[in-house]
Each structure stands twice: as C-alpha cells, then as structure tokens.
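Take a look at the structure below.
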Amino acid sequence: MGLWDEPADGPSAAPAPARERAGYTGYAEYSEYGGHTEYGGRAECAVPASGRARAADPQAPYRRHGTGVPAPADRSAAGDARGTGAAPRHGAVPWHEARRTARAAARRLGERVVPLGDEALGTALARGLAALTDLPSFDSSAMDGWAVAGPGPWLLRGRVLAGRQPARPVLDGHAVEIATGAPLPPGTTAVVRSEHGVVERHTDGDRLAMGPDRLAPAPGQDTRPRGQECRRGDELLPAGALVTPAVLGLAAAAGYDQLTVVARPRVEVLVVGDELMAAGVPRDGRVRDALGPLLPSWLRALGAEVTGVRRLPDDAGALSAAVAEAVAARGAHVVVTTGGTAAGPVDHLRAVLAREGARLLVDGVAVRPGHPMLLAALPPAAGAPGALLAGLPGNPLAAVAGVLTLVAPLLRTLAGLPAPAPYTAPLTEALTGHPVDTRLVPVVFDDDSAAHPLRFTGPAMLRGLAAADGMAVVPPGGARAGEEVTVLDTGLLGPAWGGR
C-alpha cells in the first residue's frame with residue numbers, strides 16, 4: 001500500500017447488502033496522476049433527501065495555522081496524529097491561498113446597458129438601483145372591498161377598478177366599491193374588506209355595514225399609501241448586487257426598462273487530449289470528453305459568456321495557436337484549458353506558457369483532487385489586453401476542483417459579484433484526510449442539514465459529483481463524524497443566475 005492508502009476491507013466497511021441499500025457500493029479509487037499519488041479516500045455513501053446547509057459564521061469553524069491551510073478550530077498548529085501540522089509540498093500553494101490569489105488576479109470589467117430581461121440575469125449591478133418613482137406611486141387599495149369615508153354605515157356610491165382614476169371624491173358617510181390596486185378616491189379614510197362588510201338594501205339606496213362581530217376599520221386600514229415601499233431616489237439595491245428574477249421584477253416596478261450591469265467575462269474553453277472522443281461509447285483505449293459538455297453550462301452559471309469550446313490534440317503548436325486566437329480574435333478574458341497540466345510526455349501547457357512569456361500566478365495547489373492546476377497571466381496580444389489562463393487537470397473531478405478553486409473566484413471578480421456566504425454542515429461520518437493537502441469531497445445533505453460523504457471520489461470520476469449537493473472542504477488530517485466542515489455549492493443544480 002502507498003503512504004496514504006487504506007485497506008479495502010477496513011473496519012468501516014459495511015456488508016455488501018447494507019452498502020447497496022445506502023445507495024452506492026465499493027470504495028474510491030487511488031490513482032497515479034502526474035507523477036504524484038492522487039488520493040481518493042474511502043467513504044460509505046448514502047443518498048438521503050436533499051436538505052439545506054447551515055449558514056456559517058465567517059470566522060468559524062476554521063482559523064489559520066502555521067501552514068496557511070485551514071484546520072478545525074479544536075486542532076493545534078502543532079498538528080495531531082493525522083498530520084495537520086505538516087507543511088504542503090514544495091511549490092504547491094495552500095488551497096485557501098490559491099482561491100485568494102485567483103480572486104485578486106483580475107479587476108472588475110466595465111459597464112454595459114442591457115434590456116430588462118434574460119440578458120441581465122446573472123450579472124452584477126454596476127450602479128446602485130435607485131427608485132425612479134415612489135412605490136406605490138399613488139394611494140391604493142390593498143384589498144377588494146369598499147373605500148369608505150368616516151364612520152359607518154355607509155351609503156354606497158359607484159365603483160373604482162384597477163388602472164382607472166376615480167371619477168369623484170368619496171364623501172363622509174359614503175362608500176365606493178373598489179378593487180385591489182385601484183387608486184383610492186380622495187377623502188377615503190380606510191378600506192373595508194369584501195368579506196368583512198355586508199350590503200343592506202334600503203329604499204333610499206344600498207348601504208354598507210360591518211358584518212357580525214366585525215369592528216369598523218381603523219384609519220388607513222387595508223390601504224397602500226404612496227411611498228410605502230420607497231420614495232423616489234431611494235437606493236433599492238447597492239452596486240454589485242446579483243441580478244436575479246426578483247431583481248428584474250423590482251427594477252420594473254421602480255420604472256426601469258434597462259439596467260447598467262457589469263459586463264460578462266468572456267471565457268474560451270480548450271479541451272486537450274488525443275484520447276478524447278466527441279461522441280459514442282468509449283472504445284479502443286479512448287474515453288469520452290466529459291468536460292466539453294460539463295464546463296460551458298457551469299461557467300455560464302458563474303456569470304460568464306462562453307465564446308467557444310474547442311477540442312485540441314496533444315500538440316504544443318495547436319495549443320499555442322488556440323490560446324492566441326481565443327484572446328486576440330475572440331476577445332476572451334479567461335482561457336480555460338483541460339489536460340496537459342502535469343509532467344507527462346505530452347503535457348505541453350507549461351512549456352507553451354513559458355514560451356509565450358506568461359506569468360504563473362499559481363503553479364500547483366495543495367488540494368486533492370486537482371493539485372496540478374495552474375493560473376497564469378497571459379501577455380497582451382496585438383490589439384488586445386492581457387487575459388488570464390486557468391489550466392485544469394484533464395481528469396473530470398480534478399478539473400471540477402480547479403473550477404471551484406481558481407475559476408469561480410476569478411470570474412466573480414471580473415463580473416463584479418461578491419463571494420457567496422460560507423456554509424458549514426456536520427459530517428455524518430469521519431473523512432480521512434490527506435496529510436498535507438485539503439480534500440474536496442462530494443456530499444449530500446439530509447433533512448437535518450448534515451453532510452453525507454459520497455462514494456466515487458477518484459479524480460477521474462463524476463458519479464459522486466452528479467449526485468452531490470455540494471463539495472465538503474476537508475482540512476489536512478481529515479475530519480471527525482459530527483464535525484462542521486465548509487461546504488461549497490457546486491452550482492450544478494442551481495439556476496444560471498444564482499450558481500456559486
């Protein structure tokens with residue numbers, strides 16, 4: 001066994017029938033990846049009903065310690081038997097530091113004006129949203145019923161419908177039938193709900209009285225006074241707010257036909273590998289390209305505009321030309337590559353970046369899976385400003401770790417979007433940790449918001465991720481059953497405007 005291997009028949013292994021009832025069977029893989037042992041770990045798997053994670057105190061449950069890697073608050077910087085005090089490998093950036101570097105690697109893009117609609121969804125407001133009018137802009141009825149003046153009973157006179165101005169004021173001792181949202185006639189003191197009033201027939205006309213056991217309405221009852229929600233010029237939302245469907249509705253109510261938002265980051269995806277197939281069942285030593293279909297929608301959920309997805313052979317010249325074209329011809333702010341980040345005979349990415357004069361900002365991250373990922377600043381191309389390149393490993397789950405680690409923070413900065421609030425959840429069972437690296441493990445939430453680790457966590461696997469509600473951040477040394485761990489929202493099941 002390797003240094004971090006566990007026996008397949010360890011004490012936590014359940015009998016096969018129990019594992020099958022839990023949802024998945026077997027144990028996670030260990031694989032050699034780019035010259036380093038890629039640790040998959042082992043976890044029994046259940047797939048309970050999805051629940052909600054708990055909002056976390058930003059200062060808990062982690063605090064910094066000597067290695068720069070987050071550790072549970074009840075562990076000392078000196079480390080324990082699980083090795084939490086160990087230092088990361090030479091050259092590997094601690095996971096939290098890599099995310100901070102990616103967040104700080106770019107500046108917010110410029111503004112653009114877009115119609116009030118789908119084009120604005122998922123962007124950030126470039127300016128605060130100020131009310132263009134009072135809301136409501138006139139005194140109106142909050143209920144179907146009668147607008148009354150003075151004490152009752154009231155003599156009934158006329159009707160006011162929504163969208164129409166009242167013909168005349170309501171006089172003291174009179175009532176006017178009124179619909180929800182209709183303007184209040186001048187002189188109205190309150191509204192009587194339709195279910196609270198009784199119409200009585202009299203020779204001199206119909207009269208409105210309060211129903212049995214109903215009290216006369218208090219002044220202003222069931223009315224919507226002008227400016228109840230806001231006054232003209234009030235800031236409804238600050239700059240940087242995510243444009244969601246609710247924001248579109250608020251902006252429309254406040255009088256907007258278009259919004260000034262931060263431009264979407266343009267991202268080009270380059271999927272590299274001779275072994276990849278675009279269609280059909282894997283065969284003859286080749287595998288299906290999983291990242292070509294996976295990445296574009298995920299990037300769009302992070303607010304990006306995907307300019308193109310191209311498959312490339314393991315050829316340095318083709319890769320160099322594709323990166324140059326993505327920036328100079330397609331105007332990409334970010335180029336995302338998959339594959340070629342390790343040290344194998346056809347892993348050309350680092351050599352291409354060095355030849356083009358790119359500057360490596362992150363060269364390896366202390367995280368499993370996905371540690372060979374990188375982030376580089378590309379030199380300015382002719383007529384185009386410099387762009388950034390995120391190099392993700394070719395193994396699918398390792399590439400997803402790269403998205404969560406480098407690409408998501410980078411895109412949020414470019415798009416002007418704030419980082420999502422952290423969440424934590426208690427683990428339903430212990431998770432073995434890497435001695436020095438952070439682990440990202442797919443989990444599902446139960447009805448009590450506890451996180452159940454999923455199976456199939458090898459770097460080439462997507463089965464666990466496809467069933468996941470999030471990715472648990474397991475610190476070096478592992479985490480105990482019941483321990484709170486940070487959970488990253490994968491965004492896979494979220495709408496395009498809210499994915500994190």
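The values are calculated or read from the model by the stated rules, or taken from the named source; none is laboratory data. What you see is a predicted model, and the numbers here were worked out from it, not measured in a lab. Counting neighbours? That spans all protein chains shown, and the Cβs are built from the backbone with ideal geometry, glycine included.
Scanning for something closer than 26 Å to residue 264 by Cβ and outside any helix (DSSP H, G or I), does segment 404-417 turn up at least one residue? Looking for residues that are closer than 26 Å to residue 264 by Cβ and outside any helix (DSSP H, G or I), one finds at least one in segment 404-417, hence yes. Yes or no: residue 205 more than 19 Å from residue 127 (Cβ to Cβ), more than 49 Å from the chain's Cα centre (by Cα) and either small (Gly, Ala, Ser) or not assigned by TED's automatic domain parsing to the domain that holds residue 178 (or both)? Considered against the rule, which asks whether it is more than 19 Å from residue 127 (Cβ to Cβ), more than 49 Å from the chain's Cα centre (by Cα) and either small (Gly, Ala, Ser) or not assigned by TED's automatic domain parsing to the domain that holds residue 178 (or both), residue 205 comes out as yes. When we screen 458, 433 for residues that are crowded, with 23+ Cβ neighbours inside 10 Å, farther than 22 Å from residue 102 by Cα and in contact with an Asp or Glu (Cβ under 8 Å, 6 or more places away or on another chain), the only hit is 458.
Residues that are over 17 Å from residue 119 (Cβ atoms), charged (D, E, K, R) and touching a residue at least 12 places away in the same chain (Cβ under 8 Å) within segment 213-267 comprise 214, 222, 224, 226, 229, 231, 232, 234, 235, listed in sequence order. Assess whether residue 332 counts as being assigned by TED's automatic domain parsing to the domain that holds residue 271, among the aliphatic types (A, V, I, L, M), farther than 27 Å from residue 415 by Cα and part of a loop (DSSP other than H, G, I, E, B). For residue 332, the condition - assigned by TED's automatic domain parsing to the domain that holds residue 271, among the aliphatic types (A, V, I, L, M), farther than 27 Å from residue 415 by Cα and part of a loop (DSSP other than H, G, I, E, B) - is not met. Annotation: of all residues in segment 274-311 being part of a loop (DSSP other than H, G, I, E, B) and within 30 Å of residue 262 (Cβ to Cβ), the one that is farthest from the chain's Cα centre (by Cα) is 304.
In segment 414-430, the residue that is modelled with the lowest pLDDT out of those that are within 23 Å of residue 387 (Cβ to Cβ) and buried (at least 21 other Cβ atoms within 10 Å of the Cβ) is 417. Among the candidates 367, 444, 436, the residue that is among the β-branched types (Val, Ile, Thr), farther than 17 Å from residue 304 by Cα and part of a loop (DSSP other than H, G, I, E, B) is uniquely 436.
When segment 459-483 is filtered for residues that are within 23 Å of residue 341 (Cα to Cα), assigned to a loop (DSSP other than H, G, I, E, B) and of a type in the set (A, V, I, L, M), the ones remaining, listed by number, are 460, 461, 462. Within segment 312-347, restricting attention to residues that are over 23 Å from residue 298 (Cα atoms) and in contact (Cβ under 8 Å) with a residue 60 or more places away in the chain, the residue that is surrounded by the fewest Cβ atoms within 10 Å (Cβ to Cβ) is 343. Just one of (1) in a loop (DSSP other than H, G, I, E, B); (2) of a type outside the set (A, V, I, L, M, F, W, C); (3) surrounded by fewer than 19 Cβ atoms within 10 Å (Cβ to Cβ); (4) modelled with pLDDT of 85 or more fails for residue 264. It is (3).
Candidates 366, 324, 377, 387: the one that is under 30 Å from residue 474 (Cβ atoms) and either of a type in the set (A, V, I, L, M, F, W, C) or touching a Cys at 6+ places or on another chain (Cβ under 7 Å) (or both) is 366. Within the option set 279, 252, 216, being of a type in the set (A, V, I, L, M) and farther than 23 Å from residue 139 by Cβ holds for one residue only, 279.
When residue 251 is tested against (1) part of a loop (DSSP other than H, G, I, E, B); (2) over 30 Å from residue 386 (Cα atoms); (3) under 38 Å from the mean Cα position of the chain (by Cα), exactly one condition is not met: (1). Among the residues of segment 143-165, the ones that are surrounded by fewer than 19 Cβ atoms within 10 Å (Cβ to Cβ) and within 46 Å of the chain's Cα centre (by Cα) come to 6 in all. Cβ separations smaller than 8 Å between residues 6+ apart or across chains give the following pairs from segment 121-138 residues that are part of a strand (DSSP E or B) to residues that are surrounded by fewer than 19 Cβ atoms within 10 Å (Cβ to Cβ) and of a type in the set (Val, Ile, Thr): 125/260.
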